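Engineer: This is the structure, below, for whatever I ask next.
A short reminder: the numbers here are calculations on the coordinates, not readings from a lab. Since we're looking at a predicted model, the values are computed, not measured. Please note: Cβ atoms are built from the backbone with ideal geometry, for glycine as well, and neighbour counts cover all protein chains shown.
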């Protein structure tokens with residue numbers, strides 16, 4: 001499977017899926033960032049997490065299709081949103 005690149009049509013579609021899953025839960029981007037942070041801490045996430053403002057900005061870039069969640073965040077994002085990686089087109093990760 002070809003990787004999704006930020007700014008591509010696939011990245012925009014991925015962003016719509018992330019945004020839709022977040023909105024379906026009634027969460028703001030800030031709440032999603034907070035939930036991801038809490039989940040990461042509960043799991044002993046080894047990758048350093050960005051500041052709250054940077055985390056929210058990162059989620060915004062994902063949702064707008066400018067960036068794609070890197071491998072360090074994909075599983076965490078799926079677990080927090082309650083969606084399968086395949087729903088994001090990330091089944092190979």
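Engineer: Please determine whether any residue of the stretch 48-63 is within 23 Å of residue 11 (Cβ to Cβ) and not in a helix (DSSP H, G or I).
Structural biologist: Yes, the stretch 48-63 contains at least one residue that is within 23 Å of residue 11 (Cβ to Cβ) and not in a helix (DSSP H, G or I).
Engineer: If I ask for residues that are over 12 Å from residue 77 (Cα atoms) and surrounded by 15 or more Cβ atoms within 10 Å (Cβ to Cβ), which ones from the stretch 30-48 would you list?
Structural biologist: 45
Engineer: Related question: Please find, among 75, 20, the residue that is outside any loop (DSSP other than H, G, I, E, B), closer than 18 Å to residue 86 by Cα, in contact with a helix residue (DSSP H, G or I) (Cβ under 8 Å, 6 or more places away or on another chain) and free of Cβ contacts under 8 Å to residues at least 24 places away in the same chain. Working first, answer last.
Structural biologist: On the way: 20 fails: in contact with a helix residue (DSSP H, G or I) (Cβ under 8 Å, 6 or more places away or on another chain).
None of the others qualify; the one that does is 75.
Engineer: Going through the stretch 18-28 one residue at a time, which ones are surrounded by fewer than 18 Cβ atoms within 10 Å (Cβ to Cβ) and within 22 Å of residue 65 (Cβ to Cβ)?
Structural biologist: 20, 23, 24, 25, 27, 28
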